[in-house]
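Each remark here refers to the structure printed beneath this line.
The values are calculated or read from the model by the stated rules, or taken from the named source; none is laboratory data. Values in this document were obtained by computation on a predicted structure and should not be read as measured data. FYI the Cβ positions are ideal-geometry reconstructions off the backbone, even for glycines, and counts take in every protein chain you see. Areas reflect the complete protein model, heavy atoms only, side chains present, ligands, DNA and RNA absent. Shrake-Rupley method; radii C 1.70, N 1.55, O 1.52, S 1.80 Å.
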Amino acid sequence: MVVGDIATGTEVLVIGGGPGGYVAAIRAGQLELDVTLVEMDAYGGTCLNTGCIPSKALVHATEIAHDAKHAEEMGVHADPAVDMAGMIGWKDGVVDQLTGGVEKLCKANGVNLIEGRAEFVDDSTARVVHEGEGQGSESIEFEHAILATGSRPIQLPGFEFDGERILSSADALDLTTVPDSLLVVGGGYIGMELSTVFAKLGTDVTVVEMLDDILPGYGDDITRVVRNRAEELGIEFNFGEAAQGWEETGSDAFVTTETEDGEVGEYTAETVLVAVGRQPVTETANVEAVGLEPNDDGTLDTDEEARTAVENVFAVGDVAGEPMLAHKAYKEGHVAAEVIAGEPAALDYQAVPAAVFTDPEIGTVGMDEAEAEAAGFDPVVGEMPMRASGRALTLGESDGFVRIIADAETEFVLGARIVGPEASELIAEVGLAIELGAQLEDVAATIHTHPTLSEAVAEAAANARGEATHTLNR
Ligand code: FAD
Ligand code: NAD
């Protein structure tokens with residue numbers, strides 16, 4: 001039976017139920033707006049289903065297995081067996097718990113949930129298409145729309161994802177057997193996090209990166225620490241090579257690469273992970289019908305209220321451009337909902353943290369020294385090496401450092417670069433310092449629990465003032 005075209009109305013239509021969309025919908029519900037969220041695939045979007053959460057689950061589980069196997073120095077002798085299907089089952093359980101939670105939270109905040117694909121008809125009407133024979137569609141009249149359609153992996157020409165030989169990150173996070181060998185194309189966030197996962201599982205991992213280093217945008221002093229550790233794990237790097245094509249050689253993929261000078265590289269691997277960036281999704285929602293024209297890279301321009309060029313249409317998360325991070329999507333979703341509710345909200349990107357869950361982790365927030373100089377500050381820098389942290393030594397993880405950057409004259413904290421254990425957690429303290437307008441002394445004089453890694457943040461701040469007591473002052 002074909003379900004007829006039912007027309008309903010809503011004050012706020014949210015398209016996409018990932019971190020940008022579900023946070024926008026929940027916040028709009030809290031502000032007593034009548035809100036409808038449409039999701040075409042799975043609540044929680046990329047982040048919960050195929051991104052942040054599953055990848056971090058595997059980062060942790062493989063770390064446990066690897067650390068247990070390599071703890072002889074601590075007097076621990078173990079050889080854990082990895083049941084890959086069991087590990088993936090546990091990861092799926094974590095994902096289910098969180099995605100179920102998103103659905104419950106939306107409902108508890110009065111969000112009307114619809115499963116289907118929403119596409120604009122004009123600037124006040126959308127059609128929700130329910131895929132599947134006889135499922136029909138419905139029309140929704142809206143006053144405001146928040147587009148949160150996210151992103152998808154860039155498909156490298158000649159490397160179509162097939163889920164077996166050529167893997168996207170989503171495929172790689174669902175492998176129930178450990179490949180003997182893996183060629184990773186792209187040494188960015190995904191390439192480095194998943195190379196680490198598979199190297200710790202015993203896979204022979206090779207990375208091919210077209211630039212001359214891993215993790216573009218992070219300084220050499222940071223990437224060196226991660227690269228050295230990755231090499232200790234057995235990961236092989238080939239820089240300055242772009243993947244060109246591949247062919248099947250029976251049980252393997254034969255991949256060719258090319259340098260800028262035309263030199264050809266050849267690699268053979270059981271599987272190939274292609275992680276060369278992500279591109280915004282707009283075509284699912286027919287944005288042209290509302291009068292929006294995506295940029296060449298697929299992003300939509302927005303202002304400090306997350307509003308697009310169309311007055312009543314907002315765009316949040318990956319579709320609104322870099323940095324494509326879940327917490328940036330949360331913030332934009334929050335702001336869009338508040339602006340629609342008439343609250344005085346605006347985006348401020350001065351303290352957006354970023355973390356890479358490699359071994360060791362990287363955490364950054366605010367400006368580095370060069371950015372501070374370019375912004376007209378006279379920066380002062382303080383540093384604490386992890387090898388001087390008692391806690392880092394007790395963890396057996398003493399590579400890396402905490403570096404804090406402040407304005408020399410006012411001592412206002414401007415940013416931090418951390419590489420080392422739990423850098424993803426440690427960076428939060430500096431983010432808060434920036435948001436609160438804290439000075440170096442505030443951070444240095446705060447009593448931190450001993451022995452913790454967080455002491456290194458205080459010590460770096462003290463170091464910038466020439467008052468460090470556990471390291472030599474610069
Ligand atoms: P998405 O999460 O992509 O959600 C968009 C949703 O919209 C999807 O559910 C999609 O089905 C739906 N949709 C699209 N079109 C329509 C339509 N027309 N109608 C209805 N629904 C539609 N970020 C971090 O901050 N930390 C991390 O550790 C991290 N790790 C990652 C690891 C991996 C492997 C990947 C791939 C990404 C990772 N990210 C991480 C990035 C993070 O996942 C994204 O930045 C985040 O999910 C963006 O949220 P979003 O709401 O903009 O989009
Ligand atoms: P990325 O932009 O981080 O890295 C892509 C890499 O691929 C770059 O280093 C680029 O030079 C390289 N590359 C491009 N074309 C190539 C080619 N033909 N051959 C060889 N190398 C090539 O992208 P990603 O790793 O796919 O991740 C996508 C996005 O997802 C990230 O930018 C980030 O926003 C998000 N993410 C975040 C986290 C986190 O926050 N911890 C983790 C994973 C993903």
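Summing charges over neighbours of Ala355, with a neighbour being any other residue whose Cβ is under 11 Å away from its Cβ, gives -3 when K and R count +1 and D and E count -1. Taking the helices alone, the chain has a mean residue ellipticity at 222 nm of -9500 deg cm²/dmol, built from -39,500 (n - 2.57) per DSSP H run of at least 4 residues and averaged over all its residues. Using the Cβ-Cβ distance between Ala375 and Glu232 with R0 = 51 Å, the FRET efficiency computed as 1/(1 + (r/R0)^6) comes to roughly 0.90. A cut-off under 11 angstrom between Cβ atoms defines the neighbours of Leu173, and their net charge, with Lys, Arg +1 and Asp, Glu -1, is -2. Between the amide H of Ile146 and those of Leu13, Val14, Ile15, Phe314, distances stay under 5 Å, these residues lying 5 or more places away or on another chain, with hydrogens modeled in the peptide plane. Does anything in the range 187-222 have its amide N under 13 Å from the 7 Å Cα→Cβ label point of Glu248, and if so which residues? Under 13 Å, as judged by backbone N against the label point of Glu248, lies no residue of the range 187-222. With a simple spin-label model that places each label point 7 Å from the Cα along the Cα-to-Cβ direction, the separation between Leu395 and Thr259 comes to 3.8 nm. Using the Cα gyration tensor of the chain, with a ≥ b ≥ c the square roots of its eigenvalues, what is the shape: rounded (a/c below 1.5), prolate (a/b larger than b/c) or oblate (neither)? Since a/c reaches 1.5 but b/c is at least a/b, the shape of the chain is classed as oblate. Kyte-Doolittle cut-off -1.0, length cut-off 24 Å along the helix's own axis using Cα: show which whole DSSP H helices in the chain pass. Qualifying helices: 52-69, 84-108.
Per residue, the range 166-276 exposes 41 Å² of solvent-accessible protein surface, assessed with a 1.4 angstrom probe and all protein chains in place. For the range 278-348, the solvent-accessible area of protein heavy atoms averages 44 Å² per residue (probe radius 1.4 Å; ligands and nucleic acids excluded).
Annotation: the antiparallel percentage among DSSP beta bridges lying fully within the chain is about 60.
The apolar share of the surface of the chain, taken as the fraction of accessible area on carbon and sulfur atoms (1.4 Å probe, ligands and nucleic acids excluded), comes to 48 percent. If I take R0 = 41 Å and measure r between the Cβ atoms of Phe239 and Gln30 in this structure, what FRET efficiency does the formula 1/(1 + (r/R0)^6) give, to the nearest 0.05? Calculated transfer efficiency: 0.30.
When the C-alpha to C-alpha distance is required to be over 31 Å, the pairs from Lys104/Lys200; Lys91/Lys331; Lys107/Lys331; Lys91/Lys328; Lys200/Lys331; Lys69/Lys91 that qualify are Lys104/Lys200; Lys200/Lys331. Computed over neighbours whose Cβ is under 15 Å from that of Glu103, the net charge equals -2, Lys and Arg +1, Asp and Glu -1. Protection proxy ranking for 278-289, 80-91, using the average of other Cβ atoms within 10 Å per residue and placing the highest first: 278-289, 80-91. The packing ranking of peptides 468-474, 430-436, highest mean first, is 430-436, 468-474, where packing means the average number of other beta carbon atoms within 10 angstrom of each residue. Taking amide H atoms as placed 1.01 Å from N in the peptide plane, the amide H of Glu236 lies under 5 Å from those of Val205, Thr206, Val207, each 5 or more residues away in sequence or on another chain.
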